[in-house]
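Single-structure report; data block below.
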Amino acid sequence: MFLSSLAIANDGMWLPLLLEKLNEKEMKSLGMKISAKDIYNVNSGSLKDAIVSFGGFCTGEVISTKGLVLTNHHCGLESVQSHSTIDHNYIRDGFWAKNFGEELSNPKLYVTFIARMEDVSKQILTGVTPSMTESERQSAVDKNINEIKKTAKKESYQEILVKGFFEANQYYLFVTETYKDVRLVGAPPSSIGNFGQDTDNWMWPRHTGDFSMFRIYAGKDNKPAEYAPGNVPYIPKRSLSISLDGVAEGDFTMVFGFPGKTTEYLPAVAVQQIMEVNNPAKIAIRDKALAVMNEFMRKDEQIKIQYTKKYSTIANPWKKWRGEILGLTRTDAINKKKIYEAEFQKRINLPAGRQGANPQWKEQYGNVLSELEAAYAELKPLGKARDYYFEINSKIELFTVARRINALRNAKNNGGKYDYAEGLTKLKDTLPDFYKNYSPVLDKKMFEVLISMYVNDQDSKMVSPLLLMQINAFNKDVSKLADDIYGGAEYTAANKIVPVLEKNPAELLERTKTSKASVLYDDMLATYNREVASKLNEVQNRINKLQRLYMQAQMEVMKERNFYPDANSTLRVTYGNVKGYNARDGVKYDFITYLDGLVEKYIPGDYEFDVPEKLRSLYKTKDYGQYGKNGKMPVCFIATNHTTGGNSGSPALDAYGNLVGLNFDRAWEGVMSDISYDPSICRNIMVDIRYVLFIMDKYAGAGYLVKEMKLVHPKKGK
């Protein structure tokens, strides 16, 4: 029973390079009709040539021979927001370009293709020894990476990326191609693209049309080029065909994308600390921050435009962490890890002469779990202080300005981490956008609420002495301290900072070095570095080394287990089957939702559940065109694919490699899959591609875009 539990169906985020060797047989047993070479091939076009890293934070897929890219609405939201104003509110109303000329440029947006990948572990680990400190080891690794980057075969327009896998026990090289001219083509209104917003986020059943569309532009040679009006739509090596047949329960599905981060191989003590210390601390802080933002966004349309993306960025992990605790508890994840660790230790300790015994294991790995447990005990208070500092500091935007100006001042005066001229240019480029989406009134309230938590909810030695003195000076009234710091503070106004930064940056840096925000920020940072960071870094380095040793030991000792590397924003394939699940006692969910359910959720005028009149009209007349099925309009479906952040926008492919859906979320009950995947409740949520096409064609009148795509009926042999 123990051995069978090590091979969890549908578990894993696999390197496409290794599918033929490790996964093809299982994938075909689950229903896949294509080969591993159809998925990844460097000698001819394959599915991997239609997949892009979208902006470095999401995934997208090419769906036409004219470079049309599909991704999630929430992935494209920042671009939509950047083009929105009160008069042209594309977040609220949606946007659709009727021709190439109307497509909107996005200077900071890019997409990256993977041309090829290869195992370079031997070259990277040359000269690396177990006795090295983490710093020494990293220096040796960096030196070897730099050498490989110099000699690796690539074209002039390509770049080399090398990343560590299995806790840096292995390394892979990626040859990449990045296109920097990516233009907004279309996005539905938020009432469709973000239907359900906070209430439905991380939840199933779901009725969200979470998609947006962009187009890749290239130079006239079809190679990467900076934005230029004369650029032309990119002609891809491969674009995805789109299935209109939909999915049925049990169908094979595959998600191809760039998952961000998972930690599947942590010891039980680490998972327990996440559940009992780190997640609760971060949840409590974000509870307060979201409440502040919600209060102002509901009252002011301008603030709502400014903070829509920020709100979702804070809310998304906040809700996930809550679900993570529930899922880990329900599936008894800690106890399962302890059972696994007991078996691991038992094999390590087998006496010589016993079947399966290896005397070297006890010498190499005998104490790794006990040492990890001791290290995590030291990390516990430091980890909480770290989370408090970064969570609170990052939510107070006045500190964001202070941090960046202080860093620039340090670079000028003392030589900082980056070149002064480079830092000045970057600050000039980014501050106008910052102020475009900044409300000092909201930020002042955020300061009041979060600084109170920073002072009252942790050990006083972790708190800035200057802040404590200032609060005492105002009789512990944080609101009066906020009035003092924000009242007349030049950091809160673009017209007091941006023009001076342009004309006389040296004068600005000199004048602001005594500003109350800058001085307080510096003292909070100094306190953190003195009381937390210096100690935490030493413990974390020890944990990193032990975790790498534990990973190596597991792969050597637990031979019957198939190991896949944790996600690290590199191209991966995950696969499974369309399947419902039992959410809790007496609650069983189907695998698909329909437009009927969306209309049932309709609340007129509600910011989460309003439904546009035209969509209600299409529903009333059942005007679904070729996209409906049996008089119903499919909206979303779920499957057992193992996904995480970064997989947002990833294509959901059928057994033939056709696009059937767009991955955008996970079901609440199983969001602990980043730490412990469990096939009983872990489900990824996808918007049905037929709903995407229906919204484009019948709702938005953008059927001209559908004509760019190749629509197929694989279940009908067409």
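Only the coordinates and a few stated rules stand behind these numbers; no lab work does. Given the structure is predicted, the values throughout are model-derived calculations rather than measurements. Don't worry about glycine lacking a Cβ; one is built from the backbone with ideal geometry, like all the others, and counts go over all protein chains shown.
Between His88 and Phe563, full extension at 0.36 nm per residue minus the direct alpha carbon distance yields a gain of 166.0 nm. The orientation-averaged projected area of the convex hull spanned by the Cα atoms of the chain comes to 33.0 nm². Expressed as a fraction of 2.2 N^0.38 Å, the value expected for a compact globular protein of N residues, the C-alpha radius of gyration of segment 390-540 is 1.07.
Using the alpha carbons alone, the radius of gyration of segment 369-457 stands to its Kirkwood radius in an Rg to Rh ratio of 1.12. If every alpha-carbon in segment 262-381 counts as one equal scatterer, what log10 I(q)/I(0) does Debye give at q = 0.16, 0.18 1/Å? These q points yield log10 I(q)/I(0) values of -0.86, -0.97.
For segment 235-246, the Karplus equation 6.51 cos²θ - 1.76 cosθ + 1.60, evaluated at θ = phi - 60°, returns couplings of 9, x, 5, 8, 10, 7, 7, 10, 8, 9, 7, x Hz by residue, with Gly and Pro reported as x. Between Val449, Ala489, Asn475, the Cα set farthest toward the positive side of the dipole of segment 395-489 (charges on each charged residue's Cβ, about the Cα centre) is that of Ala489. For each pair in Lys223/Lys310; Lys426/Lys496; Lys476/Lys516, compute the distance between the two Cα atoms and list the pairs where it is over 24 Å. Checking Cα-Cα distances, Lys223/Lys310 exceed 24 Å. Computed over segment 135-283, relative contact order equals 15 percent, with contacts defined as Cα pairs under 8 Å that lie 6+ residues apart.
Spin-label pair Asn541-Asp459: with each label point 7 Å from Cα along the Cα-Cβ axis, the two points sit 2.1 nm from one another. Highest mean first, the peptides 543-556, 451-464, 200-213 sorted by other C-beta atoms within 10 Å per residue fall in the order 200-213, 543-556, 451-464.
Taking only alpha carbon atoms, segment 674-713 gives an Rg to Rh ratio of 1.26, where Rh is the Kirkwood radius.
Normalising the Debye intensity of segment 309-364 to I(0), with uniform scatterers on Cα atoms only, and taking log10 at q = 0.31 Å⁻¹ returns -1.08.
Calculated over segment 492-629, the projected area of the Cα convex hull averaged across directions stands at 20.6 nm². Charges were assigned to the Cβ only: +1 to each Lys and Arg, -1 to each Asp and Glu. The resulting dipole of the chain about its Cα centre is roughly 940 debye. The Cα-based radius of gyration and maximum Cα-Cα distance (Dmax) for segment 540-581 are 14.8, 42 Å.
Between the beta carbons of Lys632 and Arg330, assuming R0 = 30 Å, the FRET efficiency works out to 0.40 to the nearest 0.05. Using only side-chain charges placed at the Cβ, +1 for Lys and Arg and -1 for Asp and Glu, the dipole size of segment 391-476 relative to its Cα centre rounds to 220 debye.
In percent, rounded to a whole number, the relative contact order of segment 274-383 is 21, using alpha-carbon pairs under 8 Å and six or more apart.
Its Cα centre serving as origin, segment 615-718 has a Cβ charge dipole (Lys and Arg +1, Asp and Glu -1) of approximately 680 debye.
According to the calculation over all Cα-Cα pairs in segment 19-158, the P(r) per 5 Å bin from zero is 2, 7, 11, 13, 13, 13, 12, 12, 9, 5, 3, 1, 0 %.
Of Val80, Gly56, Asn43, which is farthest along the charge dipole of segment 32-81 in the positive direction, counting Lys and Arg as +1 and Asp and Glu as -1 at C-beta? Among Val80, Gly56, Asn43, the one farthest towards the positive end of the dipole of segment 32-81 is Asn43. Taking Cβ separations below 4.7 Å as the criterion for a possible disulfide partner, the isolated cysteines in the chain are Cys636, Cys682. Remark on segment 309-431: hydrodynamic radius 19.8 angstrom, per the Kirkwood mean of 1/r across alpha carbon pairs. With helices as the sole contributors, the chain gives -13500 deg cm²/dmol at 222 nm; each DSSP H run of n ≥ 4 counts as -39500 (n - 2.57), and the sum is divided by every residue. Express the Stokes-Einstein translational diffusion coefficient of segment 566-621 in µm² s⁻¹, to the nearest whole number, given a Kirkwood radius over alpha-carbon pairs, 10 °C and a viscosity of 1.306 mPa s. Diffusion coefficient, whole number: 105 µm²/s.
Taking label positions 7 Å along the Cα-Cβ direction at both Ala377 and Lys588, the computed distance is 4.8 nm, reported to one decimal.
Applying both filters, DSSP loop and at most 16 other Cβ atoms within 10 Å, to the GluC sites (Glu not before Pro) of segment 587-694 gives Glu608.
Two numbers describe the Cα atoms of segment 68-144: Rg and Dmax, which are 22.6, 63 Å.
Restricting attention to the chain, close to 95% of DSSP beta bridges with both partner residues there are antiparallel. One chain, two ends: Asn43 and Glu136. Fully extended at 0.36 nm per residue, the span grows by 29.6 nm beyond their Cα-Cα distance. Normalised by 2.2 N^0.38 Å, where N counts its residues, the alpha-carbon radius of gyration of segment 615-718 equals 1.21. For Thr514 and Arg354, the difference between the fully extended length at 0.36 nm per residue and the C-alpha to C-alpha distance is 50.5 nm.
Across segment 353-418, Cα-Cα pairs more than 13 Å apart make up 77 percent of the total. Would you work out which of Asn294, Gly67, Ser460 lies farthest towards the positive end of the dipole of the chain? Charges go on Cβ: Lys and Arg +1, Asp and Glu -1. Result: Gly67. Its Cα gyration tensor gives segment 192-328 an equivalent ellipsoid, and the semi-axes of that ellipsoid, as √(5λ) in whole Å with the largest first, are 35, 25, 19. With the convex hull constructed from alpha-carbon coordinates only, segment 183-249 shows a mean projected area of 7.4 nm² over all directions.
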